[in-house]
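The values are calculated or read from the model by the stated rules, or taken from the named source; none is laboratory data. This is a predicted model, so every value here is computed, not measured. Please note: Cβ atoms are built from the backbone with ideal geometry, for glycine as well, and neighbour counts cover all protein chains shown. Side chains are part of the model used for accessible areas, which takes the heavy atoms of the whole protein and leaves out ligands, DNA and RNA. Shrake-Rupley method; radii C 1.70, N 1.55, O 1.52, S 1.80 Å.
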Amino acid sequence: MSPTPSPITQQAVPQPRTISLREAFLFWLKLGFISFGGPAGQISIMHQELVERRRWISERRFLHALNYCMLLPGPEAQQLATYIGWLMHRTWGGVIAGVLFVLPSLFVLIALSWVYIAFGEVPVVAGLFYGIKPAVTAIVVQAAHRIGSRALKNAWLWGIAAASFVAIFVINLPFPLIVLGAAVIGYFGGRLAPEKFRTGGHSAAKHSYGPAVIDDDTPSPEHARFSGLKLAYLAVIGAILWTLPMATLTALFGWEGTLTQMAWFFTKAALLTFGGAYAVLPYVYQGAVGHYGWLTPTQMIDGLALGETTPGPLIMVVAFVGFIGAYVQQVFGPDQAFVAGAVAATLVTWFTFLPSFLFILAGGPLVESTHNELTFTAPLTAITAAVVGVILNLACFFAYHVLWPKGFEGTLDWPSLLIAIVAGIALLRFKRGVIEVLIGCGLIGLVVHLMF
């Protein structure tokens with residue numbers, strides 16, 4: 001999170017006011033277009049805007065909500081926006097905040113995916129991607145380092161990370177089994193050696209920025225109080241919102257149809273994104289590349305690069321996967337390739353994010369019932385450790401396809417190796433931004449590609 005300004009004295013701050021739904025709508029729309037920088041950057045932007053500047057919510061309530069979102073599968077920044085929107089303006093407020101966090105990136109990725117698949121062989125575009133691919137490999141290594149430095153606090157967690165790497169790299173175990181195994185280890189480990197499986201999460205608030213609309217001692221609004229009837233109602237609505245489109249796809253294309261299988265696959269992926277987008281990417285490439293063949297390994301790397309350069313959660317790379325898969329397989333015929341890609345991108349986005357909305361709207365009242373630290377996080381701690389090993393495997397996967405594009409029987413691509421090293425130094429040593437590194441490496445790749 002960015003450096004915190006000096007606390008503002010309460011006398012200098014105007015008293016809290018009521019925030020209209022229209023004002024909130026405009027803010028969430030703005031956030032959807034400026035939410036670059038991955039979850040850390042997005043959470044930082046929300047903290048600066050909502051806690052420090054606008055004072056819509058106190059820091060303690062903000063961090064309490066964030067701790068809950070970190071326990072859930074799915075993009076925590078998008079879920080945090082949904083939570084705050086729901087807390088302020090009921091269900092529609094949460095839906096508006098969550099949708100606007102995702103919608104701009106969906107439109108941008110559909111456009112970029114079409115440009116990529118239609119003009120990817122143009123020398124300028126090909127050259128840019130030649131430099132971007134090794135940079136993406138360095139970005140994944142940085143993600144493993146960033147998560148590992150925070151999560152691997154003792155030998156137990158290091159062991160879980162190493163075991164998960166061996167399980168997926170050597171044994172090729174499915175990602176869901178690795179997550180399940182880590183959760184079981186965490187469950188029992190948290191009881192046998194609780195000090196080894198404590199997760200720090202985000203610490204309690206230490207700063208005061210003056211009175212907030214939702215302050216530390218502000219009672220939870222009526223709609224945020226737990227009700228078994230409301231929970232059952234939401235469960236039914238969620239089941240309908242999932243079942244109707246799935247049944248429609250099955251009726252139109254059959255269970256084995258491309259769009260139906262995408263809907264089912266990304267529903268499963270949505271429930272496995274513990275630890276953020278980088279954690280689920282190995283599962284996505286196992287299925288989308290290895291099992292279904294919707295896109296090639298090279299296209300998967302390029303899709304991650306596009307996801308890194310657009311606003312919104314990184315997991316939106318699933319929209320690229322859906323677009324390319326439906327476009328290449330011509331689901332609606334050769335004359336409707338773009339329509340097929342756009343429909344597929346929209347569908348996979350729906351099935352990927354629907355669980356996130358349900359988790360917040362259904363679980364929010366339970367979280368509001370206590371403002372203490374969340375407990376029972378040992379399974380999450382173990383899963384996060386396993387995720388480090390899985391992400392390292394993803395880096396190996398990317399490095400192989402970037403540095404040896406023709407396989408190990410071919411020659412090492414030295415320019416790509418040098419670009420990857422430069423990107424790694426820029427990210428890890430000089431702490432440069434992801435977009436900045438991608439642009440720089442893309443330009444280097446363009447020069448190399450046009451020269452040779």
(request) Only residues that are open to solvent by 60 Å² or more (accessible area, probe 1.4 Å), more than 14 Å from I360 (Cα to Cα) and assigned to a loop (DSSP other than H, G, I, E, B): list them for segment 217-237, please. (result) D217, P219
(request) Identify, from the list G407, G389, G364, the residue that is open to solvent by less than 10 Å² (accessible area, probe 1.4 Å) and without any contact (Cβ under 8 Å) to a residue 60 or more places away in the chain. (result) G407
(message) Based on this model, can you work out whether T349 counts as open to solvent by less than 60 Å² (accessible area, probe 1.4 Å) and either closer than 30 Å to R191 by Cα or touching a strand residue (DSSP E or B) at 6+ places or on another chain (Cβ under 8 Å) (or both)?
(response) no
(request) Can you run down the residue pairs with Cβ atoms below 7 Å, 6 or more apart or on separate chains, where the first is in segment 120-143 and within 26 Å of V328 (Cα to Cα) and the partner is modelled with pLDDT under 80? (result) A126/G120
(message) Within segment 43-60, does at least one residue satisfy the condition of being open to solvent by less than 30 Å² (accessible area, probe 1.4 Å), of a type in the set (G, A, S) and touching a helix residue (DSSP H, G or I) at 6+ places or on another chain (Cβ under 6 Å)?
(response) no
(request) Scan segment 66-93 for residues that are in a helix (DSSP H, G or I) and either of a type in the set (D, E, K, R) or surrounded by fewer than 24 Cβ atoms within 10 Å (Cβ to Cβ) (or both) and jot them down. (result) L66, N67, Y68, M70, L71, E76, M88, H89, R90, T91, W92, G93
(request) Within segment 350-365, identify whether any single residue is farther than 30 Å from E222 by Cβ and modelled with pLDDT under 95, and answer yes or no. (result) yes
(message) Need the failing condition index for Q330 against (1) open to solvent by 10 Å² or more (accessible area, probe 1.4 Å); (2) assigned to a helix (DSSP H, G or I), just the number.
(response) (2)
(message) For Y283, only one of the following conditions fails: (1) touching a Leu at 6+ places or on another chain (Cβ under 8 Å); (2) more than 30 Å from I435 (Cα to Cα); (3) of a type outside the set (A, V, I, L, M, F, W, C). What is its number?
(response) (2)
(request) Take segment 410-434 and flag every residue that is assigned to a helix (DSSP H, G or I) and surrounded by 14 or more Cβ atoms within 10 Å (Cβ to Cβ). (result) P415, S416, L417, I419, A420, V422, A423, G424, A426, L427, L428, V434
(message) With the requirement that a residue be among the hydroxyl-bearing types (S, T, Y) and either modelled with pLDDT of 90 or more or open to solvent by 10 Å² or more (accessible area, probe 1.4 Å) (or both), what does segment 279-321 give you?
(response) Y283, Y285, Y292, T296, T298, T309
